[in-house]
Every structure is written in structure tokens, then in C-alpha cells.
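The values are calculated or read from the model by the stated rules, or taken from the named source; none is laboratory data. Nothing here was measured: the structure is a model prediction, and the numbers come from that model. With ideal geometry, Cβ positions are generated from the backbone for all residues, glycine too; neighbour counts draw on all protein chains shown.
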Amino acid sequence: MNDPAPVKPLLSHLAQRRLLIISGILLIVFIAYRLFYPPLFDAYVGKTNAPLTYANSQTVTPQAFELLARDLSHQARYQKAAAIVATDQDPFARQVKIEMLMNTASFVRDTEPTHIKYFRQAGIRRYDGPKTCLGCHATLQVTHSDGRIETVNTLDDIVNSVHFKFQSTSSGFSTYGYDGRAVNSGQRRIPVGKIDRACGIPGSFTWTGWAALVKSRPDNAQGAIEIRSEGCGQCHIGGNYQPATEKMMPIGDVPNEAKAGLDCLICHAANYDMNQRYVIQDEYGLRWNQDRSLQAALSVAPVTNDNCLRCHQHNMGGDAYIHNQAAQNLGEKHRRLLHHGAKRGNPFSPEDDRHATAGIQCTDCHIPEGHKIPRGRLGVDLVANDLPNKEVSCEQCHSQLPHNHSKDKALLNGHITRLACETCHIKQLEENNVVLRDWVHPTWNAEEGVFQPTDVYRSGAVGTGFTFLWFNGNGTFLANALGNHPNHNLNYNPLMQQMVRIDDAGAIAAIRAKAQELKRQYPEIDVEQYVRTATDPLSQLSPELLAKRQAMIEANLRSVMNQGESRIYPFKLFNAMMYEDMGNQGPFGAMILPFDYASYYETGDPKAAVKKALQDPIVQRMYQLPFKLYMMDEFMAYFGVMDGWQPNYPLVNGELKRVEAHWMRQMGTLMVNHGIQGRGRECKDCHALNGIMNYEALGYSPERAAELRDLDVLTQVELPFVDRK
Amino acid sequence: MMLALFLFTTPITAVTNQAHSAMKPPEDHRACLRCHAMKTLAYRDPLSKKIITLVIDPSGFEHSVHGQLNCRECHEQHYQRYPHSERARAPLHCVKCHEDGKKQAQHQSNHQPPRQYQFTTIEQEFKRSVHATSDEPDAQDFNCHSCHNPHQFQRSQIGKPLAQVVRDDNAICLSCHEQRFDSLETTHAWLPRRDKHWQAVRCLECHTPLSTTGQPVSHQILAAADSKVDCVNCHSQDAQLLTRLYQYRSQEDVARTGFIAKAVFNDAYIIGMSRSPIIDFIGLLMIALTALVLIGHGWGRYRAAQQLSRGSQ
């Protein structure tokens, strides 16, 4: 009994066993996560992953390599030499000078594309996508804006950037829900960005509209079918069968085979063949082809405007913009369908933007940190932002005193307190800038041989194509610029005025004419009602919803509008008629439904196209409980629908339920910042009776507005002083 | 000419706020402020390359020494229209208003404290200043307004925190002499812990002679060669240079925090002491410990003596 107590093991047998069991469970969970979760997730959302191959990724012989190298070197030297002598003498003299320069030793040394040497030394004779790039660039030095230098894994850096994910769960957005909360500012964060949201000119979203092959029947082909490519994937750098859906979940990662589909060269190669960008079909589905030729890889050089504009001219100048270089090369087969109406109509090109003329590069203002590229702190649309706190602004280069020549330079500088630079330096947008687009009544495009949504109204003019609004950098969940007159008065209420009304007589006449034209094809159209809903979208709301809307603006948005200091900015206006799920409607609109591109373009039957898109597994999942709880309830709260997401699938027995066609309840307002003209507006453009500023709508009192319209009054100092309260 | 950086150093509140002020500005301000309250009403002068600001911060002006004046009391004519007449560019001189005893008498009749400075004296001092005598192109047209913005000017009040006085006064010098911030700059290399010095003393302490006119600070700015390059001028019992900074310390402040505390641990330490609060503190600690040991020792001896006397009984 008095034996000394036995040496106690560190853990009792029971505890040991428990520990073993727990470790076992953890191991099983880990294995399940690595092995079983990815295919289960893919099956759940109906997406595919498979090894990706590209026909143009070919091994070349050493001889062919040298031939390629010689051609590329020659081409690079020619382009640079031609640019140097561009303004010299006559063409013959220029030709002689070009030839001399091209064979000058120092010129050859400085102009030869660098990767020719690297590839030659490393024995690389085939470009195999990220694998080849990462062979040397596995890590990357990133300089942050605070001067901190960090070494990061290159692949992780790009895979976690918005260019790959098209969404972000981070906070720091300047976007506010109609419920008054800053998006993702709280504990509960949901993925937001392009991935789950219709494009600026809607129609579909990336899940259902990633890659499509459309059978077109152009009139001049005499009945022959031409296959065309369409889809969001054409502008995004992932090469797989769908966007990076896995990244939307709190766990899981994009599989390696999908990462191997990254298109490094579209951003990094000087010679990238846009004719290689078209949709291909393989045994697993549809995906976008890319240029993986050795020629493109050898031309890798510091990123220039040409790289960015391969995709981004699409949303600036537009596809139909004559200087859109990418749109000149639509594909060696399955040519990409052009989008004829422009999203913004403010091109960035040497022909139409002062900065591009001066040779300024995109990355001079949008200074990247690794693969994260800032889009500035002012955001009116809910597009994910990798660096929401990094400034991109005119002032960074121009200071607050940019005017040096005019006799009114001090006063022009003075106006910067209240006016954004763009307000005077963007005088018009491209004529094909779309203001109203009707997806519900498509029209036949004989030249392309497809049915297309009808652009009911296009305008690049001030007042009709774009307007002026107070803006403090905040925007709503549906892209409405927020701000207020500096005196914070209640008269300025764009969500009840400027963004919900078209009152220009010319615009209304044009819309009516278009409605009459549509009526010939769609006899059920009531022209007057059509014009009313298009020009006064709030007329679609019930009086209760209208009252609720007004109350929500005052209760939730007024304080957001009054934040900081607002300035007057130009905004491109946009509205669309879409099919909507009326079971999920609030005072600011209802959930819009996507279209299946192929059936829309081929049949011109938008309802059938909606039905087809609704059958996409991920749209079905959207209407089920896990998605509702995971993100849709939160999404709808931001949307201004406070009682949650109603998961009632709108397709019952092949029929659409609770689905109606409506114009969105307010126009979206998109920021325009490019297409900057060197010479801005004159004083009298705004300060005149028929000036471009609607001062009353901007919240000025009638007396002050009258004063602002009279340049003589404004420049007179000795006046009887009127009390203007 | 060089009101320059005021644009960026002064926060300017919107003109709309002015109506809320209890002190209503004189009525003709509004016509002028319509333009001059624009926060960015300024331009770069093509000749000097400097920023010329035309901004009047309405609230800053209201609280300035000139805040109760009408614009037209100083800017008498040539301002009827925009653009103003070329003649409006003619410079205004402080001494024109401030030359005689008239204003001084006005001040006294308004029961305001007497002026510390005589503008005629200032003018004489300024004429000997390096800013007036220099041939440097940058110093051409140097005048009162080059340093003192008449629309913002406030007297340094007694009781204003010394650090603030130092910061504000040095900001005036550094608005032109910004190159002094360059960490590779060598002209002040002789000063140990240069940046600490600049936070604690004004440029003026070394770069002006002791005023012989009874005014707190001379306006005769000395050239680098004539300035004091000597620690003893401050770090000695009779630190004349530094005393003029301390005139802004209020008696009430000294009284409130206790004279000892203020004198030993105040913002710039007591004249003639170590200048290091750590050393000061350690010194005091040692004195306190010594006193403690002495008291302890004395008490111990007292107790021991008592016990001895009890034991002997």
C-alpha cells in the first residue's frame, strides 16, 4: 500500500487513444479535402477541370528557333527605327535611315528581344504556358506603395489577383449596399465582382456565359453557317472551362491543371496573335484558345499599352472603335463576335487620348504591385479591386495646379475644388456609346448573321450619353455614383432624378422612333408605354415600393452621399431591359436573369435563352439553401431586399414563373476617365443660358443657378449683395 | 511672391461654413470669396517656377489679426471685375498701415494688449536682413508677405504649446528652405541630432541677433556665415538665445503643473541643466535614493539607540 506512486505517463491511456483518434480524423479530413472535395465541388456546381492542351504550343527545331529569333529581332529593330525617324524628311530618306539604324551595333544590342538569348541559353524550344515562365520566374519581387519589398510566389500572386478570380472578398470597397452598409466591411464577407454579376452591359454572367460557339448565318454567305466565338472568357486570363469558381469558397483552390491554363503571354508578349483567341471545343467542353507559340513567348517584353488594350479597349473605346487593334484580328477560325455598342465609349489610344498620344503607359498611372493592379480609390461599380486603398488619380502627376497656359489659369485651377478634371477634359464619348439596351426584343443583324440585343438609344453627347453628378468616391451596389452638393442639401437626389429620368426631347424622340421600329417586329409593344418605362423606369414601381425607395435613400444612403468632399464628375448612363426574377424584387430592382448566348444569338428567342441559362447547374445551386445562406441573403441585403433571398427556382416544368421583362429601376452610372482631351471646356460651356450643366439638378437654388449661368454676373465683383441662403 | 506652400499646409474649410461663425465677416467678402475661397485658386509662376496661391481661407482669415477688416480696406481699387486690372498686382506694404502710433493708440483704446513690435523697427531690421541684402535671384522682391500671410497671420499667443510655436515658425522658413529637410544636406551637419534640434528650437534662435530694441525677435535674419555655430549659446546658464522662445510659456501653465515640474521637465528643459530628461530623471532619482538611505540610516540608529536604552534599564 505504501509503494511509491508509479511514474505517471505524460498522458493516460485514454488520452493517448483520444489523441490518436483525433489525429486520425484530422488526417482523413485532410485527405478528403485534397482528394474528394475538388471533384465533389466540381460536381456540385457543374463545372469541369481537365488537363488543357493548345495546338499552337509546338516544339521547334534549333534551326527554326534561329529563324524565329532573326525575324523577331528584325521586326523589333524595324519598329523602333521607324519610330525614331518617323518625322524625318521623305519616305526614301526614312527608309535609308531605318536600314542604317537597324544595323548599328548599339542599336542591335539594345533592341534585341531579351528572351531570345534566355531561351537559347536555357535550351527552351517550346512554350508550355506558366510552366515555362515559372521555370525562371518562380518568385517575384513586389514593391508595395509604402516602399516595402516582398518576395512572393509568382503563381499564387497571379491566381489570387482579380485578373484571374474576377472577384474579391476583401473589404475596402467604396461600394455601399442600398441598406447603407459598406460592402464587405463587416465580419461576413461574400465574394463580389464580375464572376457573379452581370457585365456592365449585361446579358449574362461569367458562370453561364464563359465560352460559347454560335452558329451565325450572315446574309452574304448565302445560307452557309459560320461558327463564331462569344463569352466573357475572351477577356479573362484563365484558360479553363469556367471562371475560377473554386476561389469563391472559403476553402479549396483552383486545381493545378486549371492554373496551367493561365495565359501569361496576352499581357507579357509584344507579339501576341489575337487570331488565336477563339473558342475551342474538346471532349470536356468549351474553352478559349490562346497564343502559345514560341514566337509569342520570345517576344516577352515590359508591359505596354498594347498588352492591356488587347482586352481593355473593349470596355473603353469598344469593339467597334476603329483603333481597337485587338478587334482587327478576330480569330483564324470561330471569329469572335463584335459587340457593336460601346460600354463607355471613351477610347484610350494615341488618336483619342492625350496621355496615349504622349506615350504614357497604363502602368504609369495604374502602378502595379506584382500582379495586383490598382484601379483607384473611387469606385462606382462593384468590380473587385485588388488594391482598394491605392490611389490612381490625375493629381498624382498633374498636382492640383495643372493649368499653366490659359490667362484664366488660376481660376481654372480654382475650379478643381469642385470639378473633376474629366468634367472639362472629356467633351464627348464615342457615338456608339449605348445608353439603353433592350435584351428582350432582339433584332437581326444581317451582316453578322445573328440576333442581337437592340440598342434603343445610343449617344456620346453630353446630357444624353453622359451627365454630371456629385461624386465623393462612393457608389451603390448597382453602380450609382454617390455624393452631394457641398452644402449637403436635400434637393440633390440622383436616385430619384438624374438616374431615373431621360428628359431630353431629342433623346425621347429617338427612343420613340426605335420603339415604333421594334413594334413592326414585335406587335405586342405598346409604344407609349415602352417610351414611358424606358425614360422613366420608376413608373414600373408600385406606390409602396416607390415610397420605400425614397425612405431607404434618405435613411441609408444620404449619410453616405454626404461623406467627404464631393466633386462634379461625368458619368456615362446606362439602362437595360432584361428578364427579372420578380420573386426577388426590391425598391432598387430585381435579380436579373442570364441568357444562354448561343440560343439567344441563333434563335432570337430571349425567353428560350433564359430557360437554357437557368438550367446551368450553378444557377440551380443559386436557388438552393446552401448558396442562399452562404452568400445570396447578404447579396440581396446589399441589393436593398431586406427579407432575404427567395430560393424559388423560376423555371417550373419548363415554364418561367414570376419572370417579367423590365428596365432596371435606375440607370447605372459608369465612371469615364479615359479619352482625355488636351483642351478642356471653356467657361461659357457651363456658365451660359444653354450651358451643359444642369445646376438645379445638382442641388443649386434657382437664384444661384441663374447666377452661375451668367458669366457677366460671375465676373463682376461690385454688385448689390443679395442674401443667398 | 512666395506665399507658396500655404496652399498645402493650411487646411481650408469650405466657404459655406462661414455663415455659422459667430463673428460675421464684413459684408463685401462674399463677392471676393466667390473665387478666392476656391481651395485651389493658384498657379505656377512661369518665371520663378513657384506656386502663387490666391486662396483666402475664410475661417483662417476670420481668425487672423486682420479678420475684422473689409477686403477693400487694404485692396482699395482695381478689383472691380474678373480679370482684375494689371495694376492690382502692385504690392501692398504693411508699414503703410502700421507706420505710426495711430494704430497703437487704437489698440490701447480698445483695451487690447500693447503691440510687441514696432513696424518701423521691423523695417529697419529687415533692411539689414540677408533676405533684403542678398543678390540671390530667389531673394529678389522679398517682402513681408514672403513670410507672413496677412490673411492668416495670428500672433503667437502666450500659452501656445512651445512645440507648436516651434513648428509654426519653422514652417515659415522651411516653406522656401525646404532643401534643409534633405537628409544628405550638410549645412547643419555640425548639429548633433539635427532633427531633434529642429523640433525643439526655432531657426530664428540661431539665425537672428539678439534684439536690442526690446522686441522679442529681430527681423534681421543673419546669413549662414554670421549665424551662431555654438552650443554654448543655448546650453549654458545664460542661454540668451533660447530665453526668447520661453516667453510664450504662460505663467498659469507654470503654476498649474508646478514650478519644479515645469522647470525640470518642461518641453525644453531648464536652462543650464543637462538637457536630457533621462539624465535629469536619473539625477533626481539618485538624490531621492540618497535621501531615502540617509533617512533610513537615521531612523535605524534612532531605533537601535532606543533599544539599547530599554535594554540597559
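Quick look at the numbers
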item	result
Selection count, the stretch A:427-449, where residues are more than 20 Å from the chain's Cα centre (by Cα) and β-branched (Val, Ile, Thr)	2
Residues of the stretch A:47-83 that turn out to be in contact with an Asp or Glu (Cβ under 7 Å, 6 or more places away or on another chain), surrounded by 14 or more Cβ atoms within 10 Å (Cβ to Cβ), modelled with pLDDT of 90 or more and closer than 30 Å to A:Thr206 by Cα, as a count	4
Count - residues of the stretch A:84-127 that are surrounded by 13 or more Cβ atoms within 10 Å (Cβ to Cβ), farther than 19 Å from A:Glu66 by Cα, of a type outside the set (Val, Ile, Thr) and touching a Lys or Arg at 6+ places or on another chain (Cβ under 9 Å)	2
Pairs, first outside any helix (DSSP H, G or I) in the stretch A:24-48, second of a type in the set (Asp, Glu), C-beta under 9 Å, six or more apart	A:Gly46/A:Asp616; A:Lys47/A:Glu246; A:Thr48/A:Asp42
Hey, A:Gln497 free of Cβ contacts under 8 Å to residues at least 40 places away in the same chain and more than 29 Å from A:Ala384 (Cβ to Cβ) or not	no
Filter result for the condition that a residue is within 26 Å of A:Pro368 (Cα to Cα) and aromatic (Phe, Trp, Tyr), over A:Tyr272, A:Tyr321	A:Tyr272
Subset of the stretch A:380-403 that is touching a Leu at 6+ places or on another chain (Cβ under 9 Å) and facing another protein chain (nearest Cβ under 10 Å) - its residue that is surrounded by the most Cβ atoms within 10 Å (Cβ to Cβ)	A:Leu401
Criterion: in a loop (DSSP other than H, G, I, E, B) and farther than 25 Å from A:Ala461 by Cα - qualifying residue of A:Asp364, A:Asp386, A:Asp319, A:Asp306	A:Asp386
Qualifying residue in the stretch B:153-169 (condition: under 28 Å from B:Ser48 (Cα atoms), crowded, with 16+ Cβ neighbours inside 10 Å, touching a Phe, Trp or Tyr at 6+ places or on another chain (Cβ under 6 Å) and at pLDDT 85 or above)	no
Residue within the stretch A:404-418 that is more than 14 Å from every other protein chain (Cβ to nearest Cβ), acidic (Asp, Glu) and under 27 Å from A:Cys683 (Cα atoms) present	no
Positions within the stretch A:521-547 being acidic (Asp, Glu) and either outside any helix (DSSP H, G or I) or in the same structural domain as A:Thr476 (by TED's automatic domain parsing) (or both), in sequence order	A:Glu524, A:Asp526, A:Asp536, A:Glu544
Failed item, numbered, when A:Tyr272 is tested on (1) part of a loop (DSSP other than H, G, I, E, B); (2) touching a helix residue (DSSP H, G or I) at 6+ places or on another chain (Cβ under 8 Å); (3) in contact (Cβ under 8 Å) with a residue 40 or more places away in the chain; (4) surrounded by 21 or more Cβ atoms within 10 Å (Cβ to Cβ)	(3)
Boolean, A:Tyr530 is among the aromatic types (Phe, Trp, Tyr), within 24 Å of the chain's Cα centre (by Cα) and more than 23 Å from A:Glu230 (Cα to Cα)	no
Qualifying residues in the stretch A:389-406 (those that are polar (S, T, N, Q) and assigned to a loop (DSSP other than H, G, I, E, B)) - the one farthest from A:Asn184 (Cα to Cα)	A:Ser406
Members of the stretch A:664-684 found to be outside any loop (DSSP other than H, G, I, E, B) and touching a residue at least 40 places away in the same chain (Cβ under 8 Å), listed by number	A:Gly668, A:Thr669, A:Leu670, A:Met671, A:Cys683
Answer residue from the stretch A:177-203, given it is assigned to a helix (DSSP H, G or I) and not basic (Lys, Arg) and is modelled with the highest pLDDT among those	A:Ile195
Pairs where the first residue, in the stretch B:79-94, is within 11 Å of chain A (Cβ to nearest Cβ) and the second is of a type in the set (A, V, I, L, M, F, W, C) and in a loop (DSSP other than H, G, I, E, B), C-beta under 9 Å, 6+ apart	B:Tyr79/A:Val717; B:Gln80/A:Val717; B:Arg81/A:Val717; B:Tyr82/A:Val717; B:His84/A:Val717
Only listed residue being at pLDDT below 85, assigned to a loop (DSSP other than H, G, I, E, B), farther than 23 Å from A:Glu565 by Cα and at the interface with another protein chain (Cβ under 9 Å from one of its Cβ atoms), chosen from B:Glu76, B:Glu27	B:Glu27
Residue that is surrounded by the fewest Cβ atoms within 10 Å (Cβ to Cβ), among those in the stretch B:180-216 that are modelled with pLDDT under 80 and not in a loop (DSSP other than H, G, I, E, B)	B:Phe181
Among the residues listed as A:Gly238, A:Gly233, the single one being in a helix (DSSP H, G or I), modelled with pLDDT under 90 and surrounded by 22 or more Cβ atoms within 10 Å (Cβ to Cβ)	A:Gly233
Single residue of A:Phe119, A:Phe107, A:Phe92 found to be under 30 Å from A:Val254 (Cα atoms) and outside the structural domain of A:Ser293 (by TED's automatic domain parsing)	A:Phe119
Qualifying residue in the stretch A:656-663 (condition: away from chain B (no Cβ under 14 Å), assigned to a helix (DSSP H, G or I), of a type in the set (Phe, Trp, Tyr) and in contact (Cβ under 8 Å) with a residue 60 or more places away in the chain)	no
Given (1) crowded, with 19+ Cβ neighbours inside 10 Å; (2) hydroxyl-bearing (Ser, Thr, Tyr); (3) within 14 Å of chain B (Cβ to nearest Cβ), number of the condition A:Thr669 does not satisfy	(3)
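Yes/no matrix, rows are residues, columns are (1) in contact with a His (Cβ under 8 Å, 6 or more places away or on another chain); (2) within 30 Å of A:Asp605 (Cβ to Cβ); (3) assigned to a loop (DSSP other than H, G, I, E, B):
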{"position": "A:Asp156", "(1), (2), (3)": "no, no, no"}
{"position": "A:Phe205", "(1), (2), (3)": "no, yes, yes"}
{"position": "A:Val214", "(1), (2), (3)": "no, yes, no"}
{"position": "A:Arg228", "(1), (2), (3)": "yes, yes, no"}
